[in-house]
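Here's the structure we're looking at; comments come further down.
The values are calculated or read from the model by the stated rules, or taken from the named source; none is laboratory data. The model shown is predicted, which means the values in this text are computed figures rather than measured ones. So basically every Cβ, Gly included, is an ideal-geometry build from the backbone, and we count neighbours across all protein chains shown. Side chains are part of the model used for accessible areas, which takes the heavy atoms of the whole protein and leaves out ligands, DNA and RNA. Shrake-Rupley method; radii C 1.70, N 1.55, O 1.52, S 1.80 Å.
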Amino acid sequence: MPNGSTPSFVYTAQLLTSVERTVSRERLKRYLAATKNDMGRALRLYEANLALSETLYGVLHGVEITVRNAMHHDLTAGYKTEHWYDSGPLTPYLTIKVNEAKRRAGGSPAFAGKVVAELSFGLWTDLAAHRNHWLFWVPHLHKSFPNATVRRPIIHGRLEDIRRLRNRIAHHEPILTSQNTVYVGHGKYLALSQIDECVGWVCADTAAWLKARSRFDLAVSILARVHATGITF
């Protein structure tokens with residue numbers, strides 16, 4: 001099982017006791033339950049979760065940049081200005097998020113590219129939500145996913161799952177499962193192929209590049225190896 005440690009590293013009783021104290025039994029409880037309180041095996045699952053989170057960082061980076069830039073491009077084209085957020089019918093939530101991004105970017109005179117870079121992934125996800133269907137999706141943002149064969153609710157749901165996965169990784173929460181999926185919270189799971197598919201909805205070439213040149217295959221391998229242990233969680 002991939003764990004990022006050297007092969008010669010020894011898991012002594014003292015080490016396991018120390019790690020239980022420093023990492024905390026609370027943080028390890030999911031893996032302890034799966035391994036019937038075997039601290040050594042639980043720690044290896046914890047290490048696999050760390051490795052999986054690390055490998056997915058670049059993948060999720062690619063997803064966010066791809067989706068963000070596609071939406072920004074089509075909103076710019078639709079409103080004929082890179083400062084589309086000053087022209088579009090923003091909801092109160094979107095207005096707050098844009099104003100926050102402007103402040104971080106240096107105020108209203110900030111270049112659009114800087115403001116867009118400061119906008120959270122949550123904002124781009126929200127633009128695909130039902131409440132923005134007629135405001136943004138129908139006139140502009142359906143064009144951002146030219147290869148999608150599914151409707152807006154599916155795309156929005158997928159973006160939400162990816163956003164939650166991103167946040168769980170950022171907050172050091174468990175994402176590893178033994179079912180060849182990642183846990184995104186709220187009782188939901190995501191296959192890695194669904195992340196790849198989401199990028200493909202925007203651009204097939206970008207999806208192929210990201211899959212080949214990120215650590216996507218390593219993430220697949222980590223999940224497969226955990227699944228092969230026969231441990232269920």
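Quick check on this structure: which one of 22, 55, 17 is open to solvent by less than 30 Å² (accessible area, probe 1.4 Å) and of a type in the set (Ser, Thr, Tyr)? Being open to solvent by less than 30 Å² (accessible area, probe 1.4 Å) and of a type in the set (Ser, Thr, Tyr) holds for just one of 22, 55, 17, which is 55. Mind listing just one residue for me: the one in segment 152-169 that is open to solvent by 60 Å² or more (accessible area, probe 1.4 Å) and of a type outside the set (Lys, Arg) and, of those, farthest from residue 231 (Cα to Cα)? Top of the filtered list is 153. Note on segment 58-69: residues that are in contact with a Cys (Cβ under 8 Å, 6 or more places away or on another chain) and open to solvent by 20 Å² or more (accessible area, probe 1.4 Å) total 1. Might you check whether a residue that is part of a helix (DSSP H, G or I) and open to solvent by less than 20 Å² (accessible area, probe 1.4 Å) occurs anywhere in segment 171-186? Scanning segment 171-186 turns up no residue that is part of a helix (DSSP H, G or I) and open to solvent by less than 20 Å² (accessible area, probe 1.4 Å). In segment 27-52, the residue that is least open to solvent (accessible area, probe 1.4 Å) out of those that are assigned to a helix (DSSP H, G or I) and charged (D, E, K, R) is 47.
Any idea which of 128, 117 is among the small types (Gly, Ala, Ser), farther than 13 Å from residue 88 by Cβ and in a helix (DSSP H, G or I)?
Working: 128 fails: in a helix (DSSP H, G or I).
From the options 128, 117, the qualifying one is 117.
Pairing each residue of segment 116-141 that is basic (Lys, Arg) with any residue that is not in a helix (DSSP H, G or I), provided the two are 6+ apart or on different chains, yields C-beta distances under 8 Å for 131/91. In segment 170-183, the residues that are under 16 Å from residue 28 (Cβ atoms) and in contact (Cβ under 8 Å) with a residue 40 or more places away in the chain never reach a residue that is among the basic types (Lys, Arg) and crowded, with 20+ Cβ neighbours inside 10 Å with C-beta atoms less than 7 angstrom apart, at least six apart or across chains.
Kindly indicate whether residue 81 is more than 24 Å from residue 213 (Cα to Cα) and in a loop (DSSP other than H, G, I, E, B). Step through it out loud before you land on a result.
Working: more than 24 Å from residue 213 (Cα to Cα): yes; in a loop (DSSP other than H, G, I, E, B): yes.
Yes: the conditions hold for residue 81.
Could you please find all residues in segment 126-151 being under 22 Å from residue 97 (Cα atoms) and open to solvent by less than 40 Å² (accessible area, probe 1.4 Å)? 126, 127, 128, 129, 132, 136, 137, 140, 141, 144 - these are the residues of segment 126-151 that are under 22 Å from residue 97 (Cα atoms) and open to solvent by less than 40 Å² (accessible area, probe 1.4 Å).
Applying a threshold of 9 Å to beta carbon distances and a minimum spacing of six or more residues, or different chains, the list of pairs starting in segment 24-43 at a residue that is farther than 20 Å from residue 172 by Cβ and free of Cβ contacts under 8 Å to residues at least 60 places away in the same chain and ending at one that is among the aromatic types (Phe, Trp, Tyr) and assigned to a loop (DSSP other than H, G, I, E, B) reads 40/11.
Checking 179, 194 one by one, the residue that is at pLDDT 95 or above, under 30 Å from residue 38 (Cβ atoms) and not small (Gly, Ala, Ser) is 179 and no other.
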